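Peer 1: Structure below; questions to follow.
The values are calculated or read from the model by the stated rules, or taken from the named source; none is laboratory data. What you are looking at is a predicted structure, and each value in this text was computed from that prediction instead of being measured. Please note: Cβ atoms are built from the backbone with ideal geometry, for glycine as well, and neighbour counts cover all protein chains shown.
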């Protein structure tokens, strides 16, 4: 977990390879679903994402469920950017048929967040990364998603905060070191 621009997707993908687990990015799943499908629900999904709002819980659960059906694993998942709310967290065990072993949270200063998003916009041109959308998403992260982190901690799930301002390799090294204390490596 971490704020927009913290490098969650990059780091989660690398960590999943290191741990030999299935990678899942909820943001990528939602963007892909919005791109590849049509209809009123998809129109609302696009509008919601482009405004920087949280996607409806039921739509997110549906997209994750479809992914899990297509990518079953006994080893486990490294999930990027999820849960995004306490409601999401409360559904994890039912959705994944597993509990959370570890929550890694990337921390990052706002100045670095905006620098990274500006660089990413030069290459990716994401419609959901307008200034207003990013500000809204950061507000949601600091309010709703932080409450999910607190709920994880309250339930005894190990939550480890990692400085996300270093290089990709430096951050990945810290994540690998932290995760191996909690998660069995299967590769």
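Peer 1: So which residues in segment 23-80 are free of Cβ contacts under 8 Å to residues at least 24 places away in the same chain and assigned to a loop (DSSP other than H, G, I, E, B)?
Peer 2: 37, 38, 39, 56, 72, 74
Peer 1: Restricting to segment 1-13, count the residues that are buried (at least 20 other Cβ atoms within 10 Å of the Cβ) and in a helix (DSSP H, G or I).
Peer 2: Final tally of qualifying residues: 3.
Peer 1: Which residue pairs have Cβ atoms closer than 6 Å, lie 6 or more positions apart in sequence or on different chains, and pair a first residue in segment 96-121 that is in a helix (DSSP H, G or I) with a second residue that is buried (at least 16 other Cβ atoms within 10 Å of the Cβ)?
Peer 2: Matching pairs, first to second residue: 112/165; 113/3; 113/5; 116/5; 117/5; 117/129; 117/134; 121/129.
Peer 1: Would you say residue 102 is within 20 Å of residue 17 (Cα to Cα) and under 18 Å from the mean Cα position of the chain (by Cα)?
Peer 2: Criteria met by residue 102.
Peer 1: Can you name every residue in segment 112-128 that is at pLDDT below 90 and surrounded by fewer than 16 Cβ atoms within 10 Å (Cβ to Cβ)?
Peer 2: If the condition is that a residue be at pLDDT below 90 and surrounded by fewer than 16 Cβ atoms within 10 Å (Cβ to Cβ), then 118, 119, 120, 121, 122, 123, 124, 125, 127 are the ones that fit.
Peer 1: Restricting to segment 138-167, count the residues that are surrounded by fewer than 12 Cβ atoms within 10 Å (Cβ to Cβ) and either under 12 Å from residue 107 (Cα atoms) or in contact (Cβ under 8 Å) with a residue 60 or more places away in the chain (or both).
Peer 2: 1
Peer 1: Applying the selection to segment 126-149, what residues are more than 16 Å from the chain's Cα centre (by Cα) and farther than 14 Å from residue 5 by Cα?
Peer 2: 127, 132
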